[in-house]
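These notes concern the structure reproduced below.
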Amino acid sequence: MLVRGGNDVTALARGRRTEELKRDGIVILIQRKTTVDRTHVIESLAENDTYDLIFVVMKYTDFPAILPILAKNRSRNILLVGNNTDADQME
């Protein structure tokens with residue numbers, strides 16, 4: 001929806017997922033409807049990169065690897081999305 005609304009969207013991906021997103025776009029299947037959207041894809045988040053909003057969507061077990069990177073970034077609005085069974089420790 002963000003892409004289709006005319007927003008500038010960048011996806012951060014690591015490993016094999018990077019090439020999949022560059023090649024195939026973001027593919028979402030919901031209620032038997034498939035959407036494909038193309039975005040800019042980056043492989044790392046630099047300290048001086050600035051975004052209006054960062055959505056972090058990943059398995060909760062991967063959060064510890066990304067939190068130090070997010071903490072160094074200058075973007076002010078970061079939304080962690082996922083199921084976290086240990087939110088107190090993560091905080």
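The values are calculated or read from the model by the stated rules, or taken from the named source; none is laboratory data. Values in this document were obtained by computation on a predicted structure and should not be read as measured data. Virtual Cβ from ideal backbone geometry, glycine too; neighbours counted across all protein chains shown. SASA here: full protein model, heavy atoms, side chains in, ligands and nucleic acids out. Shrake-Rupley method; radii C 1.70, N 1.55, O 1.52, S 1.80 Å.
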What fraction of the Cα pairs in the range 33-88, stated in percent, has a spacing above 12 angstrom?
73
Estimated distance in nm for a label pair at Met1 and His40, the labels positioned 7 Å out from Cα along Cα-to-Cβ:
2.3
Against the longest alpha carbon principal axis of the chain, how many degrees, from 0 to 90 and to the nearest 10, is the axis of helix 63-72 turned?
80
Excluding the sites themselves, what is the longest stretch of the chain that contains no trypsin sites (Lys or Arg not before Pro) in a DSSP loop with at most 14 other C-beta atoms within 10 Å?
39-58
Accessible solvent surface per residue of the chain, calculated while the other protein chains remain in place, 1.4 angstrom probe, Å²:
81
Lys59: which lysines have alpha carbons under 23 Å from its alpha carbon, excluding same-chain residues fewer than 8 sequence positions away?
Lys22, Lys72
Taking the chain and dividing mean pair separation by its residue count, relative contact order in percent (alpha carbons under 8 Å, at least six apart):
24
Only four residue types carry charge here, +1 at the Cβ of Lys and Arg and -1 at the Cβ of Asp and Glu. Report the dipole size of the range 31-91 about the Cα centre in Debye, rounded to the nearest 20.
340
